[in-house]
1. Mind ranking Lys111, Lys68, Lys46, Lys138 by accessible surface for me, highest first, 1.4 Å probe?
2. May I ask you to give the percent of accessible area on the stretch 19-168 that is carbon plus sulfur, with a probe radius of 1.4 Å?
3. Report the accessible area of Ile139, computed with a 1.4 Å probe over the heavy atoms of all protein chains in place, in Å² rounded to the nearest 10.
4. Tell me, what is the FRET efficiency for Lys111 and Asp234 to the nearest 0.05, using R0 = 35 angstrom and their Cβ-Cβ distance as r?
Amino acid sequence: MSLTQIGFFEGGQRLQMTESIELTIQSLQAYGDGHPHWGIAWSGGKDSSATLTLLIHLMETGRIQRPKTLTVFYADTRQELLPLSIAAHQIMDDLSERGIDVETVMAPMDKRFMVYILGRGVPPPNNNTLRWCTRQIKIDPMQEALSHRLAQLDGNVLMITGVRQGESAIRDRRIEMSCGKDGAECGQGWYQQVLPEAKGLRGRIATLAPLLHWRVCHVWEWLKHWAPQSQFGDWSTAAIADAYGGDEAEEINARTGCTGCSLTETDTALDNILLQPRWSYLAPLKGLKPLWRELREPQYRLRKAGAERLKDGSIAKNPQRMGPLTFEARLMALDRILRIQADCNAAARALGRPEVDLINAEEEARIRELIAAGTWPDGWEGDEPLATTPLDIVYQDGSIQPMLLLEEY
């Protein structure tokens, strides 16, 4: 069956908002009955927030049948941009008033972003060799929460996500909308009977992305104009669109990430927020990204000396690799982050605006406790030389080569 036949481009025209919603309804109707329990993976971003609020609206208006249980899993990374965090908590209040269960999913203390870097000494993530953040502060905690929830239920679960490809991907055939995985019918979204990385959950959980076909303009339209209206749920979603850049969000192809994300070249998300006068007091947050970049430099880190022998007896491929942050570097970074937080919050109090929470008192105490205990990442003892110390590499054949490799941890 062709894409035109299933109604994506009727007469060569783009999908209208009502048509996109209708396809979403068809997707949910096709698979909802086969799963007595539903969960929604919600990050607080634009796509997952549109999915969440639309789904509840469709239930409340009887367009789709409500499952036996519905649980919203909110991924709190402790790194969200402040406007998005505020909007998420407003939506959680709305959900609570509706009697909908919301489970906040967060990494355990020692795995949280700031604690892992400053307490344990693991360098900030980067795109080349050490991209640990997304899995650790979002994916793994979500999988743990799902496993725990499944143990409490007597049937299988349909996990609904905000994954969205848009019409351009459909037209280019980068993703086949005419059929899905595991027997999905035409036009019913990307349905999978097995959550790909859900260890121990096989056969009990499936995923559905009912907004897969939505254009980005539909997402903005829903969040900013439809969802806030009483007939569509009176949701506090306009603030989400504003956080992405307001009316210009679609034109600038706005995306958001963590505050001061170390994986991006520029701080586009934060820059967009700072352009809005009511958020301009958050300008000190611009100091985070340079700090993460600085902490990857050798003067703040240890490195392996000579040839590193692995557990199987072989020699590591990256001899003299740079590793964890020194205690002095961690304390320096902690002090700078706390000063950034203090500067933002002093301005917030003067203006009567919301305060930031980069590192709370409990996290600061744990960071200092880990440092005082002499904590190092696995495989490091703390007696390794500074990464600025030139050392000779000793190979298995006994040869020696003087060099300084500044490879990442």
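1. If we order Lys111, Lys68, Lys46, Lys138 from most to least accessible, we get Lys68, Lys111, Lys138, Lys46.
2. 44 percent
3. So the heavy atoms of Ile139 present about 60 Å² to solvent.
4. My answer for the efficiency is 0.45.
The values are calculated or read from the model by the stated rules, or taken from the named source; none is laboratory data. The shown structure was predicted, so the numbers you read here are calculated from the model rather than taken from an experiment. When we count neighbours, we look across all protein chains shown, and the Cβ atoms used for this are built from the backbone with ideal geometry, even at glycine. Note: areas computed on protein heavy atoms with side chains; ligands, DNA, RNA excluded. Shrake-Rupley method; radii C 1.70, N 1.55, O 1.52, S 1.80 Å.
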